[in-house]
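Worksheet: one structure, shown below.
The values are calculated or read from the model by the stated rules, or taken from the named source; none is laboratory data. Note that the structure is predicted; figures quoted are calculated from it, not measured. Cβ: placed from backbone, ideal geometry, glycine included. Neighbour counts: every protein chain shown. Keep in mind that these areas ignore ligands, DNA and RNA; they rest on the heavy atoms of the full protein, side chains included. Shrake-Rupley method; radii C 1.70, N 1.55, O 1.52, S 1.80 Å.
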Amino acid sequence: MSATLSKLFAMLSKKRRKISEVDVMGKCVLVRCDFNIPLESEEKMLENPRIRQAVPTVKYLLKKKAKVVLLSHFSSGKSIAPLKEVLSSAFKKKVNFVPECIGEKVKKKIDEMEKGEILLLENVRIYKEEKENSLWFGKKLASLADIFINDAFSVSHRNHASLTKIPRFIPSAMGILMEREIKVLEKVKKNPKRPIVAIIGGAKVESKISVVNYFLRTADHVLLGGKIANMVLIVRRIAFNLPWPDTKIRKAVEKIEHTSPKLHLPVDVIASVDNTGERETRETAPAKVSEKEDIFDIGQETRRLYGDIISEAGTIIWAGPLGFSEKEVFAKGTKEVGAYVIENEKALKVVGGGDTGKAFQQFNLLHRMDLISYGGGAMLTYISGGKMPGIEALGK
Ligand code: 3PG
């Protein structure tokens, strides 16, 4: 098919353009990545799946002799500078760094780059205009490059300038990682084998609450863990000793269809006074958690109950660890329920979220999954048909 015909086909089928459909040869290409990982030792950061997943797009662009300019948010607003060495090891190519994202200094650095070189820009969220979705900021970013590639599926549920405004000014397309994630998620959306089991946990409650009702309508079972389970236990006054969540979260949690027989909550939990994993922990019923404690994992009986449901599943969609799995003492829920998931060989298994991916890698479960999507909120939003502004903004 000629280039013009394939462009026309893409437009008619409403499909977003792929990286292979834009001419990047020798061009300056701005790539939006998701390097939002915790700031740890270089070695640990290099092991983070989010770093490895960025390699195919960057390698593709290097082969095409493009100037590769990388842009991402990072670890709760810190400087992204420590990633320079980590990325150099991952791409097996020196990565240069400039501590800004826009302006003359950045432009000069890019002008001085040779084709086939890589430059990392500063954490994009140090600019308030990013989250404000400022058109001005998007235009400034776009002025740095000829082409924009979005390879950050995991943050594309956000309405932020580096995702939605850059494509207004320069040609844009999806990166290789984004293309791959969408392909498998489409399979889950269109042809899910029943029973469908959704497992929802993790620390980010807000981006997940809205999808719980979607899964209560469309899936056969919804198993809750992590912070979202804690919030439901509190709002339903089961864990009545724990502090009341803020109004926004409470209102959102109240909207969950609590009477649905498909909704499963922890019947026992691991409680402790803090999350260090160094203080005493105990397994107890949610109602018996004292006001001095908090809940950091699901208990043994819950793991068994969840395991029974998972063993019958045809499709398993999992976003968010079931406990504070960074600490060994709070990792049993994620680890054991993960083992039930891989034991079910016939099910299509999809896992989403940076922390979930990391936990699965740590427990050696990752290679047994059909898809690992590195954004939990984004994956759930996509499957449930919610808005993905970062994808919608891309060129067709
Ligand atoms: C993630 O870590 O899930 C993505 O990078 C999105 O991050 P955010 O929730 O801070 O937007």
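Between the stretch 351-385 and the stretch 87-131, how many Å separate their Cα centres?
Taking the Cα centre of the stretch 87-131 as reference, the centre of the stretch 351-385 is 28 Å away.
Of GLY116, SER76, CYS33, which is farthest on the positive side of the dipole of the stretch 26-118, counting Cα position, with +1 on Lys and Arg Cβ, -1 on Asp and Glu Cβ, and the Cα centre as origin?
It is GLY116.
Whole Å is fine, so just give me how far the alpha carbon centre of the stretch 293-314 lies from that of the stretch 172-251.
Centre-to-centre (Cα) distance: 16 Å.
With a 1.4 Å probe and every protein chain kept in, tell me what percent of the accessible surface of the chain is carbon plus sulfur.
On the way: 9100 of 17870 Å².
Carbon and sulfur atoms account for 51 percent of the accessible area of the chain.
Mind checking which of PHE153, ILE126, ILE196 is farthest towards the positive end of the stretch 91-214's charge dipole, using Cβ charges of +1 (Lys, Arg) and -1 (Asp, Glu) about the Cα centre?
Checked the options; the winner is ILE196.
Could you grab the relative contact order for the stretch 192-383? Cα pairs under 8 Å, six or more apart, rounded to a whole percent. Could the numbers behind the result be given before it?
Values: 409 pairs, mean separation 43.3, N = 192.
Normalised by residue count, the contact order of the stretch 192-383 is 23 percent.
Among GLY116, GLY376, GLY202, whose mean-square fluctuation peaks in a Gaussian network model of the chain (Cα, cutoff 10 Å)?
Per the Cα network of the chain with a 10 Å cutoff, GLY116 tops the list.
I'd like to check one number: the per residue accessible area of the chain, probe 1.4 Å, reported in Å² as a whole number.
Value returned for the chain: 45 Å² of accessible area per residue.
Of ASN48, ILE391, CYS101, which is farthest on the positive side of the dipole of the chain, counting Cα position, with +1 on Lys and Arg Cβ, -1 on Asp and Glu Cβ, and the Cα centre as origin?
ILE391
Would you mind classifying the stretch 16-178 by shape? Square roots of the alpha carbon gyration tensor eigenvalues, ordered a ≥ b ≥ c; an a/c under 1.5 is rounded, otherwise it is prolate if a/b is larger than b/c and oblate if not.
Here the stretch 16-178 falls in the rounded category.
Divide by every residue of the chain the summed helix terms, -39500 (n - 2.57) for each DSSP H run of at least 4, and state the resulting mean residue ellipticity at 222 nm, rounded to the nearest 500 deg cm²/dmol.
Values: 18 runs with 154 residues, N = 396.
Using -39500 (n - 2.57) per qualifying helix, the result is -10500 deg cm²/dmol.
Rounding to the nearest 20 debye, state how big the charge dipole of the chain is about its Cα centre with +1 on each Lys and Arg Cβ and -1 on each Asp and Glu Cβ.
Magnitude of the dipole: close to 1720 debye.
Taking the Cα centre of the stretch 16-178 as origin and charging only Cβ (+1 Lys, Arg; -1 Asp, Glu), how large is the dipole, in debye to the nearest 20?
Dipole about the Cα centre, nearest 20: 400 debye.
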